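The values are calculated or read from the model by the stated rules, or taken from the named source; none is laboratory data. Values in this document were obtained by computation on a predicted structure and should not be read as measured data. Counting neighbours? That spans all protein chains shown, and the Cβs are built from the backbone with ideal geometry, glycine included. The accessibility values were calculated without ligands, DNA or RNA, using every heavy atom of the protein model including side chains. Shrake-Rupley method; radii C 1.70, N 1.55, O 1.52, S 1.80 Å.
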Amino acid sequence: MARVFVITGPSGVGKGTLIRGLMERLPELELSVSATTRAPRPGEQDGVDYHFLTPEEFDRRVERGDFVEHADYAGRRYGTLRSELEGRLAAGVPVVLEIEVQGARQVRAAMPEAVQVFIAPPSLAALRTRLVGRGTDDQDEVTRRLDVAEQELTAQPEFAHVVVNDRLDDALERLVAIVRDSSD
Ligand code: ADP
Ligand code: 5GP
């Protein structure tokens, strides 16, 4: 059975940036497309960046048992659909999940063999600078995400692997090494 790699950590820490680099270096990896009830950002495409669902559709799919994990995050719902994992794992394709901490805990309980990596910022101030600099979230949303981030950072000791994303190149090297070393 191929591996599942969970990449977690606070919003704005650089998970998406690191995962893009990881997938360039290890092209056999495939990224699970999550479902969410948040609105698409400019340029985001349904089915590519996320499966954008209404809250009613999301609920219906929770009731049907379609999710491996799901969580509320900053007032919106996010979840990993079983359909994103099953075919790939059966075909031997390793899958990357980019999810927040509550979801990572659920995956740990359901799939203890999954490799979990927590991406940490060099400081809260750096995290704020990145979130603001990304320019995708208004001031209220940045505040909400930083509040959640303070909680999420306390979860670091739960994770077998913690990568501090200070210099991007160094963090990417560490992430690539973790994934390579834990691949079957
Ligand atoms: P996440 O997916 O965790 O929310 P992103 O990958 O969107 O985070 O990164 C948030 C912002 O921080 C982006 O503008 C990205 O270019 C920037 N960033 C990522 N890694 C670093 C780093 N090591 N140093 C400085 N800026 C970074
Ligand atoms: P964003 O709105 O910035 O795309 O994502 C907000 C947070 O939700 C990020 O921390 C991201 O990792 C997380 N997230 C994205 N997809 C999922 C998912 O399928 N499940 C969970 N639990 N979190 C997710």
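Taken together, 95, 107, 48 contain a single residue that is out of contact with any helix residue (DSSP H, G or I) (no Cβ under 9 Å at 6 or more places or on another chain), among the β-branched types (Val, Ile, Thr) and within 17 Å of residue 6 (Cβ to Cβ), which is 107.
Of everything listed in (1) buried (at least 18 other Cβ atoms within 10 Å of the Cβ); (2) near ligand 2 (Cβ under 10 Å from one of its atoms), the single unmet condition for residue 4 is (2). All conditions but one from (1) open to solvent by 60 Å² or more (accessible area, probe 1.4 Å); (2) within 15 Å of ligand 2 (Cβ to nearest atom); (3) of a type outside the set (Phe, Trp, Tyr); (4) more than 16 Å from the chain's Cα centre (by Cα) apply to residue 180; the one that does not is (2).
Scoring residue 10 on the criteria (1) over 15 Å from the mean Cα position of the chain (by Cα); (2) open to solvent by less than 50 Å² (accessible area, probe 1.4 Å); (3) of a type outside the set (Ser, Thr, Tyr) leaves a single failure, condition (1).
Of the residues making up the stretch 1-17, those that are touching an Asp or Glu at 6+ places or on another chain (Cβ under 9 Å) and either under 11 Å from residue 175 (Cα atoms) or in a helix (DSSP H, G or I) (or both) number 3. Contact map, the stretch 7-29: first residue on the phi > 0 side of the Ramachandran plot and within 7 Å of ligand 1 (Cβ to nearest atom), second residue in a helix (DSSP H, G or I) and of a type in the set (Lys, Arg), Cβ cut-off under 9 Å, separation 6 or more or different chains; pairs are 9/15; 12/128; 12/130; 12/134; 12/145; 14/130.
In the stretch 122-143, which residues are aliphatic (A, V, I, L, M) and surrounded by 10 or more Cβ atoms within 10 Å (Cβ to Cβ)? Those that are aliphatic (A, V, I, L, M) and surrounded by 10 or more Cβ atoms within 10 Å (Cβ to Cβ): 124, 126, 127, 131, 132, 142.
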